[in-house]
Amino acid sequence: MSNENLLPVVAKPTDVEVLHNVVDTSALIARRAQINQVLEEVMVEGTHYDTLPGTNTPTLLQPGAQVLASTFQIAPTYGVEDLGDADHFRYRVVCRGIQQNTLALLGEGLGEASTLEEKYMWRQAAVAAEYDATPEDRRREKYYRGNDRPVLQVRQWHHDQANTVLKMAGKRAYVAMILNVLGASDMFTQDEDVVRDGGDGPTGPSRPRASGTGHTCSDAQLRMMRGKLSKAGKEEADLVAYFELQQLEDMPKSQVNDALAWIES
C-alpha cells in the first residue's frame with residue numbers, strides 16, 4: 001500500500017465555494033479607507049502612532065491598535081506560554097482577534113518578552129558602593145556613544161520585572177494581531193520599542209535620543225511623570241538614566257507610557 005492511501009481524504013472546495021469565501025474588492029477598499037479616516041480624524045501622533053525620523057510609515061502603538069479594535073469590533077483573547085527559568089522571566093503570548101458580534105475567529109498575533117532584554121536586565125547603580133558590592137557577574141560598565149565615561153550598571157531583580165514583561169509580550173501580540181486581522185502591515189509598522197533600540201554592542205545606546213519637539217513629551221506629560229516620581233519616592237535621574245536620555249525633557253512621546261510603567265513598578 002502506498003503512503004498516499006494513508007492520507008486523509010480532504011474535500012476540495014468547488015469554484016463556487018472559493019468565490020463565495022472571497023472578500024469583495026469594494027469591501028477591502030472601504031476598510032482601508034476607514035482605517036485612513038480613523039488615522040487622520042481620530043488618532044494623535046505620539047499617542048496612537050509614531051513616525052520615526054527617516055521613515056515614512058507610521059508605527060502603530062497599543063492605544064492606536066485599541067482604537068482600530070473598537071472601530072472594527074475586534075475583541076482580544078490571550079494564551080500565555082511561560083518559557084522562563086529560575087534566573088529570568090520569559091513569556092510568549094498569542095493574541096486572537098474575535099469578532100464581537102459573531103464570535104468568529106479573525107486572526108492572531110504573536111509576541112514575546114523577557115527580563116533578559118537590555119532595558120529590563122540592567123539599571124544604573126544608585127551609588128558607586130552598590131556597584132562595588134554587586135557580584136562581578138551581575139554588574140557591568142556600559143559605554144554610550146558620545147560619552148567617554150562608562151555608566152555603572154547592575155542587574156535588576158527580575159521578579160520586579162515579571163509583570164512588566166508579561167504586559168509587554170501581550171502588547172506586542174495585540175498590535176501584531178490587529179495588523180494581521182486588518183491586513184494593515186503596509187499602512188503601519190510595529191514593534192516600536194524594538195525599532196527604537198540601538199545595537200547591543202558596547203558603543204550603541206539602546207534608545208536613540210528624541211528628534212525634534214514633535215517627538216518629545218509635552219509639558220503636561222512632564223508634570224505627570226515628575227508627580228508620579230515624587231509619589232513613588234523615585235529619583236528623576238534614575239528614570240533619565242534608565243531611558244538613556246540627557247534630561248527628562250528628551251523623553252519621546254511614544255515612551256511616556258513605558259516611563260510611567262517603570263515608575264509604578
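Taking 0.36 nm per intervening residue step and subtracting the Cα-Cα distance, what contour gain separates Ala75 from Arg226 on full extension? Full extension from Ala75 to Arg226 adds 50.9 nm.
Note the full-extension length gain between Val42 and Thr57 as 0.36 nm times their separation in residues minus their Cα-Cα distance, in nm to one decimal.
On the way: separation 15, 0.36 × 15 = 5.40 nm, distance 1.75 nm.
So the extension gain works out to 3.7 nm.
Extension gain, Val151-Glu235: 0.36 nm per intervening residue step, less the Cα-Cα distance, totals 28.6 nm. The amide H of Arg123, built 1.01 Å from its N in the peptide plane, has Val154, Gln156 as neighbours under 5 Å, considering only residues 5 or more places off or on other chains. For the range 22-208, the dipole from Cβ point charges (+1 on Lys and Arg, -1 on Asp and Glu) about the Cα centre works out to 140 debye, to the nearest 20. The phi-based Karplus calculation (6.51 cos²θ - 1.76 cosθ + 1.60; θ = phi - 60°) puts the 3J(HN,Hα) values of the range 113-128 at 8, 8, 6, 7, 5, 3, 6, 9, 8, 10, 9, 6, 5, 5, 9, 4 Hz, whole numbers, x for Gly and Pro.
Label-to-label distance for Ser26 and Glu141 is 7.0 nm, based on points extended 7 Å past Cα in the beta-carbon direction.
So for each of 110-120, 231-241 I average, over its residues, the number of other beta carbons within 10 Å; can you give me the resulting order with the highest mean first? Walk me through the numbers on the way to the answer.
Working: 110-120: 19.1, 231-241: 13.9.
Result, highest mean Cβ count within 10 Å first: 110-120, 231-241.
Distance between the pseudo-spin-label points of Ala86 and Asn101 (7 Å out from Cα toward the beta carbon): 5.5 nm.
Shape verdict for the range 209-265, please, from the Cα gyration tensor: rounded (a/c under 1.5), prolate (a/b greater than b/c) or oblate.
Values: a/c = 1.88, a/b = 1.52, b/c = 1.24.
Verdict is prolate for the range 209-265.
Taking a cut-off of 18 Å between Cα atoms, list the lysines near Lys171, but don't count ones fewer than 8 places away on the same chain. Correct list for Lys171: Lys119, Lys253. Dividing the radius of gyration of the alpha carbons in the range 22-208 by their Kirkwood radius gives 1.07 for Rg/Rh.
Coordinate-derived values only; no laboratory data. Computed from a prediction, not measured in an experiment: that's the story for all the values here. Quick reminder, even Gly has a Cβ in these numbers, built from the backbone with ideal geometry, and neighbours come from all protein chains shown.
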